[in-house]
Each structure stands twice: as C-alpha cells, then as structure tokens.
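Can you keep this structure in mind? I'll have questions shortly.
The values are calculated or read from the model by the stated rules, or taken from the named source; none is laboratory data. Because the structure is a prediction, the values reported are computed rather than measured. Cβ placement follows ideal geometry from the backbone for every residue including glycine, while neighbour counts extend to all protein chains displayed. Note: areas computed on protein heavy atoms with side chains; ligands, DNA, RNA excluded. Shrake-Rupley method; radii C 1.70, N 1.55, O 1.52, S 1.80 Å.
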Amino acid sequence: MTKRVGFIGLGIMGKPMTLNLLKAGFEVTVYDINKAAVEEVKTAGGFGAESLAEVAVNSDVMITMLPASHHVKSVVLGEEGLIHSAKEGSVIIDMSSISPVASKEIAAELAQKGIHMLDAPVSGGEPKAIDGTLAIMVGGNEHIFESVSPILHAMGAEITLVGENGSGVTAKLANQVIVNLNIAAMSEALVLAAKAGIDVEKMYQAIRGGLAGSAVLDAKVPLILDRNFVAGGRIDINLKDMTNVMETAHDIGVPLPLSSQLVEIFHALKVDGKASDDHGGIVQYYEKLASVEVKKKVEA
C-alpha cells in the first residue's frame, strides 16, 4: 500500500490527524492557507505544498478535512481542484462532515475521471484526533476501503465501512444528532440542579454510573464545571452539521422536532457571540434562560 499521502485542511482536527500519519511512517504532503500549521507539520517531518496540484502530483491518496460542503467541492472539483491533477486510480478520502447529497455528487464526478472516493467523517473531537483513537465511519467501495485501511487506522481506533458512497456522512449526521441532543439534555439537567442549589459535581458523580451515564456526560461535565469552553467541536461547525441533518431529513421525509429546536438554540448561541465555543457551551443557552451558572461549588 502506498506510503504517499496528501492532506488538505490542518484545523483543530486535521493537524493532529496529519501528525499521527507521520508517526505511522507515511510520507505526507500538506496544504492549508494557515502557513503556521503547514510549518508545524514540516517540522514534524512532512512536506508543504504551494498548491493543490502539488499535493495531487505527490500523493496516491489524498485526504480532505474541511469545514463545509462548498469548501470540499472547491478543493476537489474547482478550477484548481484535485480532480485536474490527481492520477487515474488514486483515492480521495473526504473526512469532512458534509451533506450526503454533496458527497455523492463529488464521488460521481471523480469516478468519471477514474478517481476513487471514500467519505470518511470522524467522531471523537480534538482529544481523540490527538491520540489517534477517532471513530471513523466510511462510505464507498469495499476494495478501495481495504486498500487504504492502514491509513485510516493511523488516525482512528474504530473504523467501520457503513456502505456505499454517502453512507459515511449519513452515519455522521446520525452521530451528530445523538451527541448534540445528548449535550442539550445534559445541559437542561445541569441547569435544573444548579438552580435548585445542589452540588452539581456531586450530582454528576451520583448519576454517571447509572443509565444516564454516557461518554458525552463524562467528556463535557468536567469542562462545564471548570467553565472551559475551548473548542474541541465548535458551536458553528455543529450548527452546520445540524443544518445538514435537517436538510437531509426534509429531503427524505423524516420529521426531527428535537433536532430542529437544537438548530435554533445553536443560532441563538451564535448571535450571542458563542460561535467559536465548544458545543458543550450549549449549557450557556439554558443558563441565560434560568439566570444561573453551572460551576463547581465553592467550599466555605
């Protein structure tokens, strides 16, 4: 299997994923408008590219990790896009969280040029991107999936081929519904406990071993209690994901009343200047309604 990998998008998730590819022994060429991030990867042993074409020429497998559908379309299909320079038989793995409709369109156009595509969005946030234990849900051809499996395993611990093109991003939409509604439900409970005057940290310890316990609860409650909203998963990015959820649901005839309400909560937080906060910051919407703050109890 090829050792030459291209990586486009060195953000919160992309940069640590790239560093893990380097640690696994892959030859990685990167491109990003953030030159400082490119320099950091070069210091770790990677190669910096001045253009998308340079990435394509020097890679057999290209990975995109970008904010939204239009970014992926531009990078892959645009005037300077990978489609114009990538070799026939090469593979593009889009690890962004985009809409299934856009993902299938991109895959179809690439197929006409003899270029394979997998959609492979991730879950786990920045901590799991750093330690290489992301959950990766994949859509695409099984043979192509198997051929790039070592690359995916350099970045993730749980790698699942869900189905054909578009299946990975659809699974990610379902993941985002569960994660973000879980955070919203948790936020309601935390604000209730805080307003009632009980020790929220002790309440958390009391319930985490029962049915209410979850990976989301354990990941987010300690951060909320410390008032730490530094983004592992930004509110505006999750707003984008939940908007994709609603658009997809409406297209196929699936009413999602709770998800639609959460989209409005995200919009309210964005207007309130919280767009760059972690999505654990959903709690701030409920705090504002109840005029209370969830935090550790100060001992007298």
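Do we have L269 as in contact (Cβ under 8 Å) with a residue 40 or more places away in the chain, more than 27 Å from S103 (Cα to Cα) and either assigned to a helix (DSSP H, G or I) or open to solvent by less than 20 Å² (accessible area, probe 1.4 Å) (or both) here?
Values: in contact (Cβ under 8 Å) with a residue 40 or more places away in the chain: no; more than 27 Å from S103 (Cα to Cα): yes; either assigned to a helix (DSSP H, G or I) or open to solvent by less than 20 Å² (accessible area, probe 1.4 Å) (or both): yes.
So L269 does not fit the description; no.
Cβ-Cβ distance below 9 Å, separation of 6 or more or different chains: which pairs start in region 176-195 with a residue that is under 23 Å from A249 (Cβ atoms) and open to solvent by less than 10 Å² (accessible area, probe 1.4 Å) and end on one that is at pLDDT 95 or above and among the acidic types (D, E)?
Here the result reads S187/E287, each pair linking region 176-195 to a residue that is at pLDDT 95 or above and among the acidic types (D, E).
What residue, among those in region 125-135 that are surrounded by fewer than 24 Cβ atoms within 10 Å (Cβ to Cβ) and touching a strand residue (DSSP E or B) at 6+ places or on another chain (Cβ under 6 Å), is farthest from L21 (Cα to Cα)? Steps first, answer last, please.
Keep residues of region 125-135 that are surrounded by fewer than 24 Cβ atoms within 10 Å (Cβ to Cβ), which gives 125-128, 130-133, 135.
Now restrict to residues that are touching a strand residue (DSSP E or B) at 6+ places or on another chain (Cβ under 6 Å): 128, 133, 135.
Details: K128: 14, T133: 12, A135: 16 Å.
So the residue we want is A135.
I've got another one for you. For region 204-214, check the following and say yes or no: at least one residue is out of contact with any strand residue (DSSP E or B) (no Cβ under 8 Å at 6 or more places or on another chain), touching a residue at least 60 places away in the same chain (Cβ under 8 Å) and open to solvent by less than 40 Å² (accessible area, probe 1.4 Å).
Of all residues in region 204-214, those out of contact with any strand residue (DSSP E or B) (no Cβ under 8 Å at 6 or more places or on another chain) come to 204-214.
Restricting the remaining residues to those that are touching a residue at least 60 places away in the same chain (Cβ under 8 Å) gives none.
Looking through region 204-214, none of the residues is out of contact with any strand residue (DSSP E or B) (no Cβ under 8 Å at 6 or more places or on another chain), touching a residue at least 60 places away in the same chain (Cβ under 8 Å) and open to solvent by less than 40 Å² (accessible area, probe 1.4 Å).
Can you tell me which residue is modelled with the lowest pLDDT among those in region 1-23 that are surrounded by fewer than 20 Cβ atoms within 10 Å (Cβ to Cβ) and among the hydrophobic types (A, V, I, L, M, F, W, C)?
M1
Okay, next question. Please state which of the following conditions T43 fails to meet, knowing it meets all the rest: (1) of a type in the set (S, T, N, Q); (2) out of contact with any strand residue (DSSP E or B) (no Cβ under 9 Å at 6 or more places or on another chain); (3) buried (at least 16 other Cβ atoms within 10 Å of the Cβ).
Going through the list (1) of a type in the set (S, T, N, Q); (2) out of contact with any strand residue (DSSP E or B) (no Cβ under 9 Å at 6 or more places or on another chain); (3) buried (at least 16 other Cβ atoms within 10 Å of the Cβ), T43 breaks only (3).
So how many residues does region 285-300 have that are part of a loop (DSSP other than H, G, I, E, B), open to solvent by 100 Å² or more (accessible area, probe 1.4 Å) and of a type outside the set (G, A, S)? Step through it out loud before you land on a result.
Looking only at region 285-300, we keep the residues that are part of a loop (DSSP other than H, G, I, E, B), and these are 291-300.
From the residues that got through so far, the ones that are open to solvent by 100 Å² or more (accessible area, probe 1.4 Å) too are 295, 297-300.
Checking which are of a type outside the set (G, A, S) leaves us with 295, 297-299.
Here the count works out to 4.
Still on this structure, I have one more. Do the conditions hold for E264, that is, is it within 30 Å of P100 (Cα to Cα), touching a residue at least 40 places away in the same chain (Cβ under 8 Å) and open to solvent by 70 Å² or more (accessible area, probe 1.4 Å)? Can you show your working first?
Numbers: within 30 Å of P100 (Cα to Cα): yes; touching a residue at least 40 places away in the same chain (Cβ under 8 Å): no; open to solvent by 70 Å² or more (accessible area, probe 1.4 Å): yes.
No, not satisfied.
Given the conditions (1) touching a Pro at 6+ places or on another chain (Cβ under 8 Å); (2) over 21 Å from I144 (Cβ atoms); (3) open to solvent by 10 Å² or more (accessible area, probe 1.4 Å), report the number of the one that A68 does not fulfil.
In the conditions (1) touching a Pro at 6+ places or on another chain (Cβ under 8 Å); (2) over 21 Å from I144 (Cβ atoms); (3) open to solvent by 10 Å² or more (accessible area, probe 1.4 Å), A68 misses (1) alone.
Residues of region 222-241 being more than 17 Å from the chain's Cα centre (by Cα) and among the β-branched types (V, I, T), which ones?
I224
Return the pair list, or none, for Cβ contacts closer than 9 Å from residues in region 63-80 that are without any contact (Cβ under 8 Å) to a residue 12 or more places away in the chain to residues that are open to solvent by 60 Å² or more (accessible area, probe 1.4 Å) and in a loop (DSSP other than H, G, I, E, B), at least 6 apart or on different chains.
So the pair list comes out as S74/E80.
Something else: Check I98, I92 and return the single one that is among the aliphatic types (A, V, I, L, M) and either in a loop (DSSP other than H, G, I, E, B) or open to solvent by 70 Å² or more (accessible area, probe 1.4 Å) (or both).
Details: I92 fails: either in a loop (DSSP other than H, G, I, E, B) or open to solvent by 70 Å² or more (accessible area, probe 1.4 Å) (or both).
After applying the criteria, what remains is I98.
Further question on the same structure: Would you call K87 of a type in the set (D, E, K, R) and assigned to a helix (DSSP H, G or I)? Don't jump to the end; show me each part of the working.
Values: of a type in the set (D, E, K, R): yes; assigned to a helix (DSSP H, G or I): no.
Considered against the rule, which asks whether it is of a type in the set (D, E, K, R) and assigned to a helix (DSSP H, G or I), K87 comes out as no.
Now a separate question. I need the full set of residues from region 115-124 which are in contact with a Leu (Cβ under 6 Å, 6 or more places away or on another chain) and either open to solvent by less than 10 Å² (accessible area, probe 1.4 Å) or farther than 16 Å from S99 by Cα (or both), in order please. Please lay out each step first, then the result.
Let us first name the residues in region 115-124 that are in contact with a Leu (Cβ under 6 Å, 6 or more places away or on another chain), namely 117, 122, 124.
Matches in region 115-124: V122, G124.
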